[in-house]
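> The following block contains the structure, expressed as structure tokens.
The values are calculated or read from the model by the stated rules, or taken from the named source; none is laboratory data. All values reported here derive from a predicted model rather than from experimental measurement. Don't worry about glycine lacking a Cβ; one is built from the backbone with ideal geometry, like all the others, and counts go over all protein chains shown.
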Amino acid sequence: MSKSRFVIDKFAKLFEQGLLNYKDLSNEIINILKTKRDEIVFKMKLTSKDETDILNDRVEKLEKKVEMLEKLKNKKKIKRVKKS
């Protein structure tokens with residue numbers, strides 16, 4: 001009975017170490033992929049999420065201004081008809 005317990009403990013320990021090694025390996029692979037992604041983004045000179053949000057806000061404000069100016073321009077174009 002003690003020998004079977006010893007064997008079971010050894011198998012459990014090996015299994016546990018295997019899981020830990022798998023988790024470490026998967027974390028390491030994820031870290032490598034993230035760094036490669038960052039390098040690619042840096043090489044392509046893409047913007048970050050914060051910069052993109054700021055630019056989107058600026059574009060929305062400019063679009064609103066353009067719409068307002070177009071409305072004003074359309075109001076000024078109205079011609080009055082002469083009475084006969």
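> Name the single residue, out of those in region 29-54 being part of a helix (DSSP H, G or I) and of a type in the set (A, V, I, L, M), that is nearest to the chain's Cα centre (by Cα). Before the answer, list the steps.
Start the filter on region 29-54 by keeping residues that are part of a helix (DSSP H, G or I), which leaves 29-44, 49-54.
From the residues that got through so far, the ones that are of a type in the set (A, V, I, L, M) too are 29-30, 32-33, 40-41, 44, 54.
On the way: 29: 19, 30: 16, 32: 18, 33: 15, 40: 14, 41: 12, 44: 16, 54: 15 Å.
Among them, the one singled out is 41.
> Moving on. Here are some conditions: (1) exposed (fewer than 10 other Cβ atoms within 10 Å of the Cβ); (2) over 33 Å from the mean Cα position of the chain (by Cα). Residue 10 meets all but one. Which one does it not meet?
(1)
> Now, a different point. So, of the residues in region 35-59 that are of a type in the set (Asp, Glu) and surrounded by 10 or more Cβ atoms within 10 Å (Cβ to Cβ), which turns out to be modelled with the highest pLDDT?
To start, the set of residues in region 35-59 that are of a type in the set (Asp, Glu) comprises 38-39, 50-51, 53, 57.
Narrowing further to those that are surrounded by 10 or more Cβ atoms within 10 Å (Cβ to Cβ): 38-39, 51, 53, 57.
Working: 38: 80, 39: 82, 51: 84, 53: 85, 57: 93.
Among those residues, the one meeting the criterion is 57.
> Can you find a residue in region 72-81 that is assigned to a helix (DSSP H, G or I), modelled with pLDDT of 80 or more and not small (Gly, Ala, Ser)? It would help to see each step written out before you state the result.
Of region 72-81, the ones assigned to a helix (DSSP H, G or I) are 72-76.
Filter once more, so that each one left must be modelled with pLDDT of 80 or more: 72-73.
Now drop any that are not not small (Gly, Ala, Ser), which leaves 72-73.
Within region 72-81 (the criterion being assigned to a helix (DSSP H, G or I), modelled with pLDDT of 80 or more and not small (Gly, Ala, Ser)), the answer is yes, since at least one residue qualifies.
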